[in-house]
Amino acid sequence: MTAPDRYAVVGNPVEHSRSPFIHAEFARQTGQAIDYGRLLSPLDGFAATVRAFAAGDAQHAAARGCNVTVPFKFEAFELAARRSARAELAQAVNTLRFDSEAEGGWFGDNTDGAGLVRDITERAGVDLAGRRVLLLGAGGASAGVLGPLLLARPKRVVVANRTDSKAADLVERHFNLAAECGVALRATSLTGCGTGFDVIINGTAASLAGASVPVPGSVLVPGALAVDMMYGPAAHGFLQWAADHGARGRDGLGMLVEQAAESFFAWRGVRPDTRPVLALLRERIGG
Ligand code: ATR
């Protein structure tokens, strides 16, 4: 019997990652023989850690790929020999596939945005086409999702951030794609984002800093969808805010499972059914 192909999630910290559970479920469901673990990388040793994992050693076969989480997504971007268009726009990589030199070298992808869009459209049942979308934050989380959001062809996307210049930079990088998709895209301060949004997506780290949601509830239309990219206790403040203002709240657990499915597809060419895995995860961690 051949050994299962090896994968892992690489991060620091990484012990709380749900990815091993999710990928084990995907593997069971699809009959794919993979072994997916956690790999803690020293903060100053990401490239060496990943290269050693990819190469294998006397006890371990060479690995086939990895997911990359905080704080290494930018270094993973640099490490990839080739990247998907959405990774280029995000300037960050959460999925590496260790293709051989003959195949073109390591392939880097960013599946976060596709995961978010799929969760919103398929799981939450909200078609983004023609909608007005407010994206809060202009850090790594927001950069990871803006390209795929534009591809879903909403009417308008406003990126609002505490630091104006970061929102402006992010928007500038996406101007061509927005024009191609027919989306009105603009950057604003948190106070100047306007009103009338059907969907709000929280990509800020405000809740981690103990701060409240940095825009008033009046930005939302009644019954709007309010999605936090975080889950668990980190999402509670945003979800409460959403409920207080008549919005439908949704945490980032669905996005987590969907982005994992996109990675699984990039590695294995097989698309798992995410629904039962999300249900299992909710049972395990609540929310
Ligand atoms: P990540 O990779 O998780 O996105 P990040 O790149 O540090 O982390 O970005 C964090 C985002 O949360 C930024 O948009 C940040 O705003 P600034 O660009 O002004 O720093 C935003 N953020 C963090 N704390 C915030 C707060 N208390 N209020 C509003 N925005 C906040």
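Here are the numbers:
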{"read-out": "Residue ID - nearest to E75 (Cα to Cα), chosen from residues in the range 113-140 that are surrounded by fewer than 24 Cβ atoms within 10 Å (Cβ to Cβ) and near the ligand (Cβ under 9 Å from one of its atoms)", "value": "G140"}
{"read-out": "Unique residue being part of a helix (DSSP H, G or I), more than 23 Å from N110 (Cα to Cα), of a type in the set (A, V, I, L, M) and in the same structural domain as E122 (by TED's automatic domain parsing) when the list is A242, A235, A141", "value": "A242"}
{"read-out": "Wholly within the range 148-205, strands (runs of 3 or more DSSP E) carrying at least 3 residues that are within 15 Å of the ligand (Cβ to nearest atom) and crowded, with 20+ Cβ neighbours inside 10 Å", "value": "156-161, 197-202"}
{"read-out": "M255, sole failed condition from (1) in a strand (DSSP E or B); (2) surrounded by 17 or more Cβ atoms within 10 Å (Cβ to Cβ)", "value": "(1)"}
{"read-out": "Filtered residues of the range 1-24 (kept if farther than 17 Å from R97 by Cβ and touching a residue at least 24 places away in the same chain (Cβ under 8 Å))", "value": "T2, A3, G11, N12, P13, V14, E15, S17, R18, F21, I22"}
{"read-out": "Tabulated pairs, the range 29-44, first over 13 Å from P272 (Cβ atoms), second of a type in the set (D, E), C-beta under 8 angstrom, 6+ apart or interchain", "value": "A33/D5; D35/D5; R38/E15; L40/E15"}
{"read-out": "Residue in the range 13-21 that is among the acidic types (D, E), farther than 23 Å from M229 by Cβ and surrounded by fewer than 21 Cβ atoms within 10 Å (Cβ to Cβ) present", "value": "no"}
{"read-out": "Subset of the range 272-287 (residues that are under 19 Å from R118 (Cα atoms), assigned to a helix (DSSP H, G or I) and not basic (K, R))", "value": "T274, P276, V277, L278, A279, L280, L281"}
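The values are calculated or read from the model by the stated rules, or taken from the named source; none is laboratory data. Quick caveat: nothing in here was measured; it's all calculated off a predicted structure. Ideal geometry is used to build each Cβ from the backbone, glycine not excepted, and the neighbour counts take in all protein chains shown.
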